Amino acid sequence: MLTLHHLRIGRSIFTVWLLEEVGVQYDLKVYHRDPKTMRAPEELKQIHPLGKSPVIEDGDLVLSESGAITSYILQKFDTQNKFSPTHDDLPGWARYQQWLAYAEASVFAPLLIKLLLTRGGVDHPVLGPFSDAEFKLHFDHITRQLGESEFILGESISGADFGVTYMVSMAERLGLLGGYPNLQAYLQRNTSRDAFKRAIERAVE
Ligand SMILES: N[C@@H](CCC(=O)N[C@@H](CS)C(=O)NCC(=O)O)C(=O)O
């Protein structure tokens with residue numbers, strides 16, 4: 001059975017949500033952050049050398065990177081392609097890949113800078129303005145893409161929503177969603193889903 005190594009307070013809850021949404025049977029191993037450093041415990045490095053979460057194990061496969069994990073889970077378990085376009089629709093599939101990669105590849109960096117500046121209680125003459133401008137660029141872009149749709153690629157949930165929802169939730173935690181009512185509504189909609197509630201119940205330990 002597939003095992004998900006889940007570190008509390010972070011992106012892997014969105015992988016738990018994905019597993020619940022797709023209806024996969026899985027084992028969940030929960031880890032806690034060091035309360036001072038907020039880093040993962042050393043034991044996660046026994047699973048994968050980076051010691052980060054999410055990581056899944058499935059047979060001999062040990063896989064890190066939330067986007068790759070989403071692709072693997074959907075490839076293996078979403079046999080009816082409910083969560084991603086097929087290769088028959090190549091432009092649709094490519095657009096899906098773009099949004100799947102976008103969250104981690106582009107949106108996360110400015111959010112991380114903001115998180116670290118906030119945590120450090122300092123401002124920085126370069127990093128502050130850079131992260132402000134990048135945040136606006138990306139959150140305006142996500143807002144335009146979402147438009148009046150329910151989900152990032154239209155009216156049905158796709159693999160791309162898990163990573164984007166994580167970014168939106170992180171922005172909310174940082175108090176940055178004030179000017180983005182439709183992203184607030186998107187977050188509210190997704191975290192109200194039964195599968196998300198099941199994920200939270202299962203992951204609390
Ligand atoms: N790009 C990776 C990032 C993984 C990552 O940085 N995970 C964080 C949790 S949200 C972590 O494990 N941090 C603990 C640490 O670095 O000690 C992904 O998409 O999975």
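Values quoted throughout were computed directly from the atomic coordinates according to the rules given, and no laboratory measurement underlies them. Just so it is clear, the model here is predicted, and its values are computed rather than measured. We place every Cβ from the backbone using ideal geometry, glycine too, and count neighbours over all the protein chains shown.
Overview of results
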| read-out | value |
| --- | --- |
| Simple Cβ-charge dipole of region 90-191, Lys/Arg +1 and Asp/Glu -1, about Cα centre, in debye nearest 20 | 140 |
| Residue-count net charge about THR118 - beta-carbon cut-off 15 Å; Lys, Arg +1, Asp, Glu -1 | 0 |
| Longest to shortest principal axis, alpha-carbon extents of region 10-115, angstrom | 48, 34, 22 |
| Distance between modelled label sites at THR86 and ASP58, nm, 7 Å Cα→Cβ extension | 1.9 |
| Given 16 as the ceiling on other Cβ atoms within 10 Å, longest exposed-site-free region of the chain for trypsin sites (Lys or Arg not before Pro) in DSSP loops | 83-192 |
| Environment charge at ALA101 (Cβ cut-off 12 Å; Lys +1, Arg +1, Asp -1, Glu -1) | -1 |
| Net lengthening on full extension, ILE200/SER149 (0.36 nm per residue, minus Cα-Cα) | 15.9 nm |
| Using distinct alpha-carbon pairs, which all enter the 1/r mean, Kirkwood radius of region 136-187 in Å | 10.9 |
| Over 24 Å [Cα-Cα, region 53-205], rounded percent | 39 |
| Region 121-171: chymotrypsin sites (Phe, Trp or Tyr not before Pro) in DSSP coil with no more than 11 other Cβ atoms inside 10 Å | none |
| Net length gained if the chain between LEU117 and ALA185 were fully extended (0.36 nm per residue, minus Cα distance) | 21.8 nm |
| Local electrostatic count, LEU44, Cβ distance below 11 Å [Lys/Arg +1, Asp/Glu -1] | +3 |
